[in-house]
Amino acid sequence: MAENKQVAQAVNGNEEIDLAILQNIQDLLSKSNINKIYFIDDAINQDTGKATFKGLIGGIIAEGKLDDLKAITLTGIDFTQDEAVLLDHIDEVWDNVKHAKQLKYFEKAYTITGKPEAIRDLNVSNNLKDFFAEAQIEFLTPNEWDEKADEILGGIADGNRAMIVFDQDLKLAQGRYADNGIQGEQLILELKKKNLAEKIVVALLTHTITDYEGELPKRAEICERIEGLNITDFFVLAKIRLEKHAMFGDGIKKVCLNTFCEDVKSQTIDIIQKAQEETIAKLKTFDTYDFDHTVFKSSLGEGVWEPDTLLRITDIIFKDKIRALMISGDYVPAVNTSICAAKEISKIEFPVEDAVNPYKETFKLRHQEIYENEELLNKLRRPIDNGDIFLVTGGEKAKRKYILVAQECDLMVRGGNTDKGTRGSRIATLLEIETFTSENLFKSIERKYSKDIERKAFLSHYYADKFKLEYFEEGTNKVGIVHFSKAKTIDLNVLDLIVFNEMGEAKIDLNNPSYNRSYHNFAWQSRFEIVKDEFTAKAESITKQLAAIDAVGDEDIKNSLKLSISHLLSFVERLGIQINFSQNVFDFGLKRISRVRLPKSKYILDKYYSHLARIAEPHDFAHKHSA
């Protein structure tokens, strides 16, 4: 009860910090069993009293910089007062100005004097006071920490923990700290040697990084520089977090989570490394007989890329090895304590800016989980497959994106003696993808249902003819909406051109119709010859027709005729570059940029086919329809 009262007093003392943020910080400390925070900083004893401020202002007036003071727009002190009465005015209002704003006045004044760094560390220690109850946090100079550390650490009761936060720059302290002789990271190493990891949570606060993204690299640099420190020992926080209350709260959360996360990660890496070793050992036992049937014959018969078959087998072995090691090494009981404790902390959320690094790294990881990378697809000349995503690079629909939906059995290129280089289908379907921010998607959904409400008729739900692709653009939470109603029938022979160049472009130069055969199996080598022959024949036909068309005088008619003889990528509704043949080169204006991984690519296909197979209910002839 006393603690809650102190928190309330802290809130009342600074209305700028949201009560929910302060309460979340209290919940973090409670679930982490942290009942005390110690902040070690060299600026603790810096004077921020009224007399010091008046002396600072008096010096500015003496330097003739009154106009600079008048430019300060903070409410509370009226610097437009005549200089003869300004100091008396400060005497009258200073005690009514909130502490956080007093520090802002100091910052403005020191900036005018050309010494903004004089307030930097002072702001940190004083701002920290606003996030915690008075009895929860204790401020110590580095010299006081040296004197009291053993007493403080020895007084931590069993089951409790303390959070120790060191400022990195300690050069204003006396003795061994002068001129940066000892910094915060050296104190963390000294603390680690006391073997009290179960009783302390440690952070390093620094001004040497100016964004959140620099925190983890800074910690890695410190650990590499200082022998004996590792990332489990502490978390680095940028001082700029104090400028945004939610980001500071979330920084405290990361400090509390750090040890648990690194413990789970370390133990998981151990079994992954062991599983890799055992998987490699197992693969080494595969002999010629195994490869002949399991990899070569089965892949050839089914039109599957042989490396994919081998990786599939490897994945099966690896996953089984992982699970076996989890059992033999008691992995689950070993990490479960950390996982359960971390979950309780992880559930506490702050309204953070998730569009900035390192927070958006989560978006990148989710994007990677859902989508295959363009470079890994195209440079390996991977065969086209259900879920491939294409960008239109030319024509009137340039910059639009489409996804391929087709049964795998229709896309597979066979390698048998009688059907080598062929597949079950000549055509497939591309569905248009529209990119939305979360905000724009909600507006689109709102518009749809608003119209339904206005009509008093709900015809279908928003996603009845759509599919949502989360994290569609790497590093963002934008979504891609696949429109089942915007389908285009396309020529698979054109898409196959993508497989024969490292750029993933639907393009073939018949002046030099070559490709790197070493990337392709027998089936796809045969496939290239089939596709090349078709485009060669088409080129000969187009060339003859172009010669006749050139005699036409009207340019509009000439272009119309050229369009009519072009090799189409899509039928009915055009897609890509329409007049796509020039100087014996076909360029269809299409490029593969990604692939939706299984099982999501299969979900899209299944849902699209269900959409096509839907049955329309008989219309309600009793309902009053608007004209």
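Some values worked out for this structure:
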quantity	calculated
Ranked packing of 612-618, 241-247, most packed first, by mean Cβ within 10 Å	241-247, 612-618
Average Cα contact separation per residue, the stretch 222-350, under 8 Å, 6 or more apart, as relative contact order %	35 percent
Stretchable slack from residue 207 to residue 455, in nm (0.36 nm times residue separation minus alpha-carbon distance)	83.4 nm
Dipole of the chain, positive direction: furthest Cα of 33, 576, 162, with charges on the beta-carbon	576
Local net charge near residue 587, Cβ-Cβ under 11 Å (Lys/Arg +1, Asp/Glu -1)	0
Anchor residue 194: lysines whose Cα lies under 22 Å away (excluding residues fewer than 8 positions away in-chain)	36, 148
Where the chain is the region considered: accessible area per residue in Å², 1.4 Å probe	53 Å²
Value of relative contact order over the chain, rounded to a whole percent, pairs C-alpha under 8 Å and six or more apart	12 percent
Loop sites in the stretch 173-234: GluC sites (Glu not before Pro), DSSP, at most 15 other Cβ within 10 Å	198, 227
Sequence ranges 498-504, 485-491, ranked by mean other-Cβ count within 10 angstrom, highest first	498-504, 485-491
DSSP bridge orientation in the chain - percent antiparallel, rounded to nearest 5	65 percent
Cα-projected label distance for residue 555 with residue 519, points at 7 Å along beta-carbon direction, nm	3.9 nm
Formal net charge of residues neighbouring residue 93 (Cβ-Cβ distance under 15 Å; K, R +1; D, E -1)	0
In nm, spacing of pseudo-spin labels at residue 440 and residue 373 (7 Å Cα→C-beta vector)	2.7 nm
Calculated Cα extents along the principal axes in Å (choose from [x] 85, 59, 44; [y] 96, 68, 63; [z] 122, 73, 45), label	[y]
Over the stretch 484-589, relative contact order from alpha-carbon pairs under 8 Å, at least 6 apart, %	37 percent
Charge dipole magnitude, Cβ of K and R +1, D and E -1 - the chain, Cα centre, debye nearest 20	2580 debye
Unit charges at the beta carbon, dipole of the stretch 329-374: most positive-side option, 333, 352, 365	333
Neighbour cut-off at most 16 other Cβ (10 Å), DSSP loop, GluC sites (Glu not before Pro), the stretch 358-439	396
DSSP-loop trypsin sites (Lys or Arg not before Pro) across the stretch 330-411, with at most 12 other Cβ within 10 angstrom	347, 399
Carbon/sulfur fraction of accessible area - the chain, other protein chains in place, 1.4 Å, %	52 percent
Angstrom value of the Kirkwood radius, inverse mean 1/r, which spans all Cα pairs in the stretch 512-627	19.1 Å
Links that overshoot a 24 Å alpha carbon limit, given the list 65/244; 284/319; 507/600	65/244; 507/600
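The values are calculated or read from the model by the stated rules, or taken from the named source; none is laboratory data. Small disclaimer: the values here were computed from a predicted structure and weren't measured. Ideal geometry is used to build each Cβ from the backbone, glycine not excepted, and the neighbour counts take in all protein chains shown. To get the accessible areas, we keep the full protein, side chains included, count just its heavy atoms, and leave off ligands, DNA and RNA. Shrake-Rupley method; radii C 1.70, N 1.55, O 1.52, S 1.80 Å.
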